[in-house]
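A.B. asks: Take this structure, written in structure tokens, and hold onto it; I'll ask about it next.
The values are calculated or read from the model by the stated rules, or taken from the named source; none is laboratory data. Worth saying up front: this structure is predicted, and the values here are computed from it rather than measured. Cβ sites come from the backbone with ideal geometry, for glycine too, and all protein chains shown count toward neighbours. Only protein heavy atoms, including side chains, enter the accessible area calculation; ligands, DNA and RNA are left aside. Shrake-Rupley method; radii C 1.70, N 1.55, O 1.52, S 1.80 Å.
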Amino acid sequence: MKNLLLLLLLTSAAQPAAAYNLSDPETAATVLTLLTGVAWLALLIVPFGPGIIELFYPRDKMPLNINWNFVKDPFYFFKSFRALMLAKSYYFPKDSGTVEIQLSRPEKVDVFRRMEGAPEVNYPNIVYAKETLTCGEGSVFVKEVYSLGDITSGPATVFRAAGAEGAFTLGAGTQITRWAAAEGPMLAGENVSLGVSAASRKSLALSAGCSFHALFAPEISTGPSAADLPPPPALPGDTELPPCRTEGLLVTRAPVRLLAGTELIGSVKSHSSVTLEDGVKVSGGIFAEGDIFVGRNCRVAGNVFAQGSVAINHGTEIGAAGGIKSVVAKRRILLGGGVKVFGHISTQGRGEVLKA
Amino acid sequence: MVLALLILKIYVNIVIALMVLYIARQFRFTMNRMSGEQKMYYQDIMDSDMPSVTVLVPMHNEELVALNVLERLLDADYPKERLEIIPINDHSEDKTREILDKFAAEHPAIRPLHRYAGRRGKPAAINEALQRATGEVIIVFDADYRPPRGILRDIAVCFKDPEVGAVMGRVVPENVGANLLTRMLDLERSGGYQVDQQARYNLGLLPQYGGTVGGFRKSYCLHTVDGEKVCFDPNILTEDTELTIKLYLQGKQVVYANRAECYEEVPEDWDVRGRQIRRWARGHTQVMFRYLPQIYRSKMLTRRQKLDGMLLLVLYAMPPLFFLAVAALMVLFFAGEPAYATLLPVFFLTVAFNAFGNFSAFFQIGAATFIDGSTYRIRLLPFLMMNVFFNGIYISDGVIDAALDHVSGRATVWQKTMRFRKK
Amino acid sequence: MTLPPAAAKTSQISKEKIFLHRSYRKLAPVTARTLAAEGLLLALPFVLLIILFYPQLTLAISRLAYKILAIAVPPEHLGIAEVPSYISPLYGLVIPDRFPSVGFSLAVMGLSVLVTVLAWGGRQLAKPLGSWAVFICLINFISAAFFVIMPEKFPYTGSMFSGLYLQTMLTVWMLIPVVLALSLLPMPGRRPGKFLLITVSMAYSILFGTVRFAFFMLVLYRYSLLFMPAMIFAVGPLLDFIFVVGFYSYYVSRVSLKIQGSEKTWYWLY
């Protein structure tokens, strides 16, 4: 800016001294040029105004927040809540009662030794059971529930979130809004909705009609009464692997179909869909940009990962006992009856156990 | 004379068409990122059998930052029996060696490599480290990065997919508030990762491996040169771009992990920034000379991927092409060509260049910062206009360097970006 | 694969649900038809207005510039004339031509070199601005050299430049709504707000273009035709998009502030 003004002044200074007189056209033109130039520059700078304010009086200059300690932990919410409860339990009554504690805001906690709730009662406070918790049909728990023992819910109970140090049995039609976790086995009755996340350190058994987003347990299984899906029809463009024992990685753009009885020592990846007919064995993982259909009584030792949907039919096992493998689908996961997944199931859409 | 002017006009129109193509591409990416279906990354996979990983951290005079990165890597949530960390002391003259030896003495997982012979530079250092790396997956961090606990797992898990050859995470500037330059670079990074990389991943195009906060599968990348297994050509300054292209030409994929975020330090000094982009432009252009025809002829890529790959490689050539177009237009101007032949193309050209000139179109950066949840920093967007000629000059220098490299076959000398973190 | 019908996915992440990371946030899907309709709705009115009323607009601009210049320029040196354009003629300013003397041209050449050296070796913040200065100086250097070597071959007069400038500005004013409409399409936000943004940008562009027009004509009149190339290649239409980006960025930051903490805006993955 200084240089520009200097330039303009120098050029006008090249005029004879007597010309510093505004009635002189040249001087007048010089001054007018300067003035319009300044006006133009001002108009040029105005759009920078909000940015200049932000530069000198910053309100948004912190780096984007990255959670240093974030790791994938299916028990994260349970652990956090448990830690909070145990830290505050010093203030809880010895037997039962209601106490107010400070969490992110003041919260009331109903403490029970053993809770055996009547049907269709609304529980507006956090519930803390020192032994077991049993609730009646149609109960609604507006806040979190925590039990140092087992939790057994009646049909059509609604939990915002619940964690048990023992076993967790969910009656038919129970709804979990956020998360459910148990150190012991978890058993979900028919048509249970398992919220955002359900996890057990021992096992998770699902009945027909259960719905979920994310599940975790060393063994996740569905009951025998769930239905099956027919396999998608074969199409002319499919890459087919005939029934044989073969070794290698199968990567293709076309849809892949492993015919009944095939044994593949390796992994499969398709830019379209993957279909496993009945009785197929795969020692590695299955990856698809589209959908994955796994037929009856298949054995897949690795992970199953689809950008589309995954359907797993009767009697199939994913992973093996003692290890953790995953079934992950962006849109949907459908599980038939007698399915076992050793580890983790996750979908950004909706997961369900098919009803007969 | 008439023929010469005609050639100039044709040239200008070709450059305009290219720039319009880039804008259309960036618009497509922006729309896809904002409203289109996003492709899921693999981070939701939980697997007890994770691949063995070697983390490489090239270091040259990194006494200011070595401690931070190694401490963070040791704290990583990854099976310790499957993790190896090789910090590469590359001809350091400060206390880097002592710091690494102290860590190695206390932590068996850290096995430093001290290099005081052989060619200096990141590609050569990584090549040498790969001779001793035991991991199936190689993850690289620059020394000034601060990896969060879960990032190794997030990066490594994608290699369960047999087609994946490399993965790139998201780089987030940490020293955003230092000065205007860092704030502008923060905006550029947002546009480049949150929109550009993610959209290319969504659309099945060519997301890039960026050489840090990323990893590659050793078995797909190693090849034998003079009896030695190497991954990178030490003459190519952007070994990451070369690896990206090589993987795609082999029929493998590079995936982008938007969730795998890591802090980095961006240059706080304009001269340092200029040298950085000059190096990037030179390396990128070296890769272009070597691989552009191969991309065109490849049977492994779809047509859309070929187009995206070629546009990716030609990217750094655009500023010098733009300057040449301006020069051509000036010739046309002084030659008295009719107005439509000069002014209108100038306008379209400058419109296009405005949109393109900062590696991300302004609407791409706006969309990215919006998705990030940023608010007031978006108002700094107009300042990116200041970079138009600054970037253009250094990029053009880099492209000329690459052209001379190509013609003369000379060896390149690695230049490290200066660090700004205070002790 | 034939699946039982799934429930439709809604935009709401329920208040009861856990808030999800920015990495796969997105907005509601839109169809190409909706996009095209919105784009047309936002851009077309302005484009049509310019096409229909540009003769009157350029006449008003030239008259205003005339009045400004008339403060210092003798009226016998000024005029307004018709210039052939796309459909109807537009109106440009007529000024006498001033050719630079050899001494003046050489002085400009010397000054350009000096400013280049100073600008490029300058302090940190001046670096990017310095690169602009270097570009402007380069153009001025070339132009000055031209006027030293073959001034008689310079193909344009000041009056021709005014017609060319206004013709260029017409193209800018037709493109600004298109560029803005395209940039705003991905953004959430109501159409009246977007329309207002384009209106403000257009009004500002016309004001900006008018003041710059007067300034350029004054420079050509007072300091010679030497500076014409810089007006076209350096500080001409290249700068028009600064305020387009400025207004756009302000709008986007306002929308971002408005939706802070609101989960209703975001979808996840698809």
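A.B. asks: Spin-label point model (7 Å from Cα, Cβ direction): what's the A:R113 to A:N69 distance in nm?
C.D. replies: 3.6 nm
A.B. asks: With all protein chains present, calculate the accessible area of B:L315 using a 1.4 Å probe and round the result to the nearest 10 Å².
C.D. replies: For B:L315, solvent-accessible area is about 30 Å².
A.B. asks: In degrees, nearest 10, range 0 to 90: what is the angle between the Cα axis of helix C:191-223 and the longest Cα principal axis of chain C?
C.D. replies: For C:191-223 against chain C, the angle is about 10 degrees.
A.B. asks: Let me ask another. Share of Cα-Cα pairs in segment C:100-153 beyond 15 Å, in percent?
C.D. replies: Within segment C:100-153, distances greater than 15 Å cover 46 percent of Cα pairs.
A.B. asks: I need the chymotrypsin sites (Phe, Trp or Tyr not before Pro) found in segment B:126-169, filtered to DSSP loop residues with at most 13 other beta carbons within 10 Å of theirs.
C.D. replies: Of the chymotrypsin sites (Phe, Trp or Tyr not before Pro), not one in the loops of segment B:126-169 has a Cβ with at most 13 other Cβ atoms within 10 Å.
A.B. asks: Assuming R0 = 22 Å, what is the FRET efficiency of C:L106 and B:A327, from their Cβ-Cβ distance, to the nearest 0.05?
C.D. replies: For R0 = 22 Å, the calculated efficiency reads 0.45.
A.B. asks: I would also like to ask the following. Of A:K72/B:K218; A:K340/B:K252; A:K108/A:K130; A:K72/B:K246; A:K355/B:K160, which sit over 22 Å apart, Cα to Cα?
C.D. replies: Too far apart for the 22 Å limit: A:K72/B:K218; A:K340/B:K252; A:K72/B:K246; A:K355/B:K160.
A.B. asks: On the protein heavy atoms, probe 1.4 angstrom, tell me the percent of accessible surface of chain A carried by carbon and sulfur.
C.D. replies: C and S atoms contribute 58 percent here.
A.B. asks: Further, regarding this structure: Multiplying the sequence separation of B:I400 and B:I14 by 0.36 nm and subtracting their Cα-Cα distance, what value in nm do you get?
C.D. replies: Answer, rounded to one decimal: 136.9 nm.
A.B. asks: Would you be so kind as to list the residues of segment B:10-37 that have their accessible area lowered by at least 50 Å² in the full protein complex compared with their chain by itself (1.4 Å probe)?
C.D. replies: At a threshold of 50 Å² (probe 1.4 Å), the residues of segment B:10-37 that become less exposed are B:F27, B:M31, B:M34, B:S35, B:E37.
A.B. asks: Here's a follow-up. What FRET efficiency comes out for the pair A:A87/C:H21, r = Cβ-Cβ distance, R0 = 30 Å, nearest 0.05?
C.D. replies: With R0 = 30 Å, the Cβ-Cβ based efficiency is 0.65.
A.B. asks: What number, in percent, do you get for the relative contact order of chain B if the mean sequence gap of Cα pairs under 8 Å and at least 6 apart is divided by its residue count?
C.D. replies: That works out to 22 percent.
A.B. asks: Let me ask you something else. Below 12 angstrom from the Cβ of A:P47, what's the summed charge of the other residues (Lys, Arg +1; Asp, Glu -1)?
C.D. replies: Every neighbour counted, the sum reads 0.
A.B. asks: Please check: in the Gaussian network model of chain B (C-alpha springs, under 10 Å), which one of B:Q305, B:Q38, B:Q198 has the largest mean-square fluctuation.
C.D. replies: B:Q38
A.B. asks: A further question on this structure: Considering every residue in A:52-59, what mean count of other chain Cβ atoms within 10 Å of its Cβ is obtained?
C.D. replies: Partner-chain Cβ atoms within 10 Å, mean over residues of A:52-59: 4.
A.B. asks: To continue, here is another question. Binning at 10 Å from 0, report for chain A what percent of all alpha-carbon pair distances ends up in each bin.
C.D. replies: 5, 20, 20, 14, 11, 8, 6, 6, 6, 4, 0
A.B. asks: Select from chain B the helices, each a whole stretch of DSSP H, whose alpha-carbon atoms run 18 Å or more along the helix axis and whose Kyte-Doolittle mean is at least 0.0; answer none if there are none.
C.D. replies: Within chain B the helices that satisfy the rule are B:2-35, B:318-334, B:339-356, B:387-408.
A.B. asks: Now for a different question. Using only the C-alpha atoms of segment B:182-301, find the volume of their convex hull and express it per residue in Å³.
C.D. replies: 127 Å³
A.B. asks: Return the value, in Å² to the nearest 100, of accessible area buried between chains B and C (probe 1.4 Å, both sides summed).
C.D. replies: The buried area between B and C, both sides summed, comes to about 5900 Å².
A.B. asks: Can you give the convex hull volume of the alpha carbon atoms of chain B per residue, in Å³?
C.D. replies: Per residue, the Cα convex hull of chain B comes to 152 Å³.
A.B. asks: Kindly state, to the nearest 0.05, the FRET efficiency for B:R28 paired with C:I149, given R0 = 30 Å and r defined as their beta-carbon distance.
C.D. replies: Computed FRET efficiency for B:R28 and C:I149: 0.05.
A.B. asks: Just the number, please: percent antiparallel of the DSSP beta bridges in segment B:42-297, rounded to the nearest 5.
C.D. replies: 30 percent
A.B. asks: Please identify the chymotrypsin sites (Phe, Trp or Tyr not before Pro) of segment C:25-94 that satisfy two criteria: DSSP loop assignment and at most 12 other Cβ atoms within 10 Å. Which are they?
C.D. replies: Those satisfying the criteria are C:Y86.
A.B. asks: With each label point set 7 Å from Cα along the Cα-Cβ vector, what nm distance links B:E228 and B:A117?
C.D. replies: Going from the B:E228 label point to the B:A117 one covers 1.1 nm.
A.B. asks: Per residue in segment A:155-170, which ones lose no less than 10 Å² of accessible surface when going from chain alone to all protein chains (1.4 Å probe)?
C.D. replies: Buried-area filter returns A:R160.
A.B. asks: So what is the 222 nm mean residue ellipticity for chain B from helices alone, if each DSSP H run of at least 4 adds -39500 (n - 2.57) and you divide by all residues, rounding to the nearest 500 deg cm²/dmol?
C.D. replies: -16000 deg cm²/dmol
A.B. asks: Could you report the buried accessible area between A and C, both sides summed, computed with a 1.4 Å probe and given in Å² to the nearest 100?
C.D. replies: In total, this chain pair buries about 3900 Å².
A.B. asks: Whole number in Å², please: accessible area per residue of chain C, 1.4 Å probe, ligands, DNA and RNA not counted.
C.D. replies: Averaged over the residues of chain C, the accessible area is 43 Å².
A.B. asks: What part of the accessible area of segment C:100-153, given as a whole %, is carbon or sulfur when the probe is 1.4 angstrom?
C.D. replies: Result for segment C:100-153: 79 percent of the exposed heavy-atom area is carbon or sulfur.
A.B. asks: On a C-alpha basis, how far is the centre of segment A:53-128 from the centre of segment A:268-283 in Å? Whole number, if you could?
C.D. replies: 43 Å
A.B. asks: Something else about it: Once every DSSP H run of n ≥ 4 in chain A is given -39500 (n - 2.57) and the sum is divided by its residues, what mean residue ellipticity at 222 nm do you get, rounded to the nearest 500 deg cm²/dmol?
C.D. replies: Computed mean residue ellipticity for chain A: -5000 deg cm²/dmol.
A.B. asks: Something else now. Would you calculate, for chain C, the mean residue ellipticity at 222 nm contributed by helices, counting each DSSP H stretch of 4 or more residues as -39,500 (n - 2.57) and dividing by all residues, to the nearest 500?
C.D. replies: Result for chain C: -22000 deg cm²/dmol, rounded to the nearest 500.
A.B. asks: Now, a different point. Please build a GNM for chain A, connecting alpha carbons under 10 Å apart, and tell me which residue among A:Y57, A:Y90, A:Y128 fluctuates the most.
C.D. replies: Top of the fluctuation ranking is A:Y57.
A.B. asks: Quick one: if you stick a label point 7 Å off each Cα along the C-beta vector at B:E136 and A:I53, how many nm between them?
C.D. replies: Using points 7 Å along Cα→Cβ, the separation is 5.6 nm.
A.B. asks: Related question: Taking segment A:239-353, how much of its Cα-Cα pair set, in percent, is spaced more than 20 angstrom apart?
C.D. replies: 29 percent
A.B. asks: Enter the Cα centre distance for the pair segment B:3-28 and segment C:203-218, rounded to the nearest angstrom.
C.D. replies: 28 Å
A.B. asks: Now for a different question. What Rg and what Dmax come out for segment A:106-188 when only alpha-carbon atoms are used, in angstroms?
C.D. replies: Rg, Dmax (Cα atoms, Å): 10.9, 33.
A.B. asks: Let me ask something else about it. If you roll a 1.4 angstrom probe over the protein chains with everything in place, what fraction of the accessible area of chain B belongs to carbon and sulfur, to the nearest %?
C.D. replies: Heavy-atom surface of chain B belonging to carbon and sulfur, 1.4 Å probe: 57 percent.
A.B. asks: With charges set only on the Cβ (+1 for Lys and Arg, -1 for Asp and Glu), what does the dipole of chain B come to about its Cα centre, in debye to the nearest 20?
C.D. replies: About 820 debye.
A.B. asks: Still on this model: Given charges of +1 on the Cβ of Lys and Arg and -1 on the Cβ of Asp and Glu, with all other atoms neutral, how large is the dipole of the protein assembly as shown about its Cα centre, in debye to the nearest 20?
C.D. replies: That gives a dipole near 640 debye.
A.B. asks: Which value, in Å² and to the nearest 10, is the accessible area of B:E337 when all protein chains are kept and the probe is 1.4 Å?
C.D. replies: 30 Å²
A.B. asks: Here is a further query. Net charge near A:E100, counting Lys/Arg +1 and Asp/Glu -1 over other residues with Cβ under 9 Å of its Cβ?
C.D. replies: Result for the neighbourhood of A:E100: 0.
A.B. asks: Further question: Can you grab the distance from the C-alpha centre of segment B:135-153 to the C-alpha centre of segment C:44-95, Å, no decimals?
C.D. replies: Between the Cα centres of segment B:135-153 and segment C:44-95 lies a distance of 62 Å.
A.B. asks: Suppose the Debye formula is applied to equal point scatterers at every Cα of the protein assembly as shown; what is log10 I(q)/I(0) at q = 0.05, 0.10 Å⁻¹?
C.D. replies: Values returned for q = 0.05, 0.10 Å⁻¹ are -0.39, -1.25.
A.B. asks: Compare C:P89, C:P177, C:P186 in a GNM of chain C, Cα atoms joined below 10 Å, and give the one with the largest fluctuation.
C.D. replies: C:P186
A.B. asks: Taking only pairs that are 8 or more places apart or on different chains, how many Lys pairs in chain C have Cα atoms under 24 angstrom apart?
C.D. replies: Summing the qualifying lysine pairs gives 14.
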